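The values are calculated or read from the model by the stated rules, or taken from the named source; none is laboratory data. In this text the structure is predicted, and so the values were computed from the model without any measurement. As a convention, Cβ positions derive from the backbone with ideal geometry for all residues, glycine included, and neighbour counts pool all protein chains shown. These accessible areas exclude ligands, DNA and RNA; they are computed on the full protein's heavy atoms, side chains included. Shrake-Rupley method; radii C 1.70, N 1.55, O 1.52, S 1.80 Å.
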Amino acid sequence: MKIAAIIGGNKLAEYLSIELKNKKYKVYHLTRRFYKNKSFNKTIEIKSYNFRNLKKNLETVKPDLIINLVSYTKKNLIKSMKINTILPINLLKWSIENNIYLVLIGTAAEYGLVNKKKVSETNSLKPNSVYGFTKSLQSLAISKFYKLYKNRILLFRIFNLSGDISNQNTIIGKVNNFIEKNKKTKKMKILKLG
């Protein structure tokens with residue numbers, strides 16, 4: 001049986017776990033917020049998302065696949081760099097050394113405000129937030145590693161999340177939360193963002 005380790009991510013981790021278990025994976029969830037959930041074969045509570053701490057747990061779990069869902073969306077540049085840029089690069093280096101498939105999450109915030117209806121990989125990255133900037137550094141580093149090592153990695157950018165998996169520190173999360181709370185009312189309030 002193959003083993004998957006999902007790092008962070010609440011509802012999205014749960015949805016991915018269900019899919020992976022259907023594909024006969026044993027799924028471990030490494031998270032700072034411990035809660036019992038039948039979607040995972042085992043949940044491992046970790047103190048922080050620093051690489052040394054994660055590496056110990058990953059060496060114990062011995063995964064064939066790692067999915068990193070950890071993101072920091074607030075304005076603290078140092079913390080954002082540690083979580084959104086340095087941690088994924090360390091996971092990447094470790095996954096190359098151990099021949100493990102790695103999935104990393106990017107964000108639409110890497111493109112900043114785009115005036116086009118369609119955005120593609122050929123669009124320039126022009127982040128206008130700390131979150132977008134640190135995630136774009138992750139993407140640039142990952143693409144360079146791939147060109148050098150042809151490692152087993154998937155990096156995808158999530159543009160919109162809705163429902164109970166929205167992050168309340170992002171604009172789309174605030175909008176989705178507002179809509180969810182007010183969808184049964186006939187009159188909607190105007191929400192000022194920013």
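Is there a residue being modelled with pLDDT under 60 and exposed (fewer than 12 other Cβ atoms within 10 Å of the Cβ) anywhere in region 147-160? First the steps, then the outcome.
Of all residues in region 147-160, those modelled with pLDDT under 60 come to 160.
After this cut, where a residue has to be exposed (fewer than 12 other Cβ atoms within 10 Å of the Cβ) as well, the list is 160.
Yes, region 147-160 contains at least one residue that is modelled with pLDDT under 60 and exposed (fewer than 12 other Cβ atoms within 10 Å of the Cβ).
How many of the residues making up region 29-41 are touching a helix residue (DSSP H, G or I) at 6+ places or on another chain (Cβ under 9 Å) and under 23 Å from N90 (Cβ atoms)?
Kept after step one, since they are touching a helix residue (DSSP H, G or I) at 6+ places or on another chain (Cβ under 9 Å), are these residues of region 29-41: 29-31, 37, 39-41.
Still in the list and also under 23 Å from N90 (Cβ atoms): 29-31.
Of the residues in that region, 3 qualify.
Quick one: which residue in K135, K74, K79 is closer than 20 Å to N50 by Cα, in a helix (DSSP H, G or I) and touching a residue at least 40 places away in the same chain (Cβ under 8 Å)?
Step by step, each of K135, K74, K79 is checked, and only K135 is closer than 20 Å to N50 by Cα, in a helix (DSSP H, G or I) and touching a residue at least 40 places away in the same chain (Cβ under 8 Å).
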Next on the checklist: Whether any residue in region 162-182 is modelled with pLDDT under 85, at negative phi and in contact with a strand residue (DSSP E or B) (Cβ under 7 Å, 6 or more places away or on another chain) is what I want to check.
Outcome noted: no
Next on the checklist: I'm checking my understanding of the structure. Among residues of region 1-37 that are in contact with a His (Cβ under 8 Å, 6 or more places away or on another chain) and either part of a helix (DSSP H, G or I) or open to solvent by 70 Å² or more (accessible area, probe 1.4 Å) (or both), which one is farthest from F51 (Cα to Cα)?
Outcome noted: S17
Item to check | Matching option when the condition is touching a strand residue (DSSP E or B) at 6+ places or on another chain (Cβ under 8 Å), open to solvent by 10 Å² or more (accessible area, probe 1.4 Å) and in a helix (DSSP H, G or I), among N57, N90 | outcome: N57
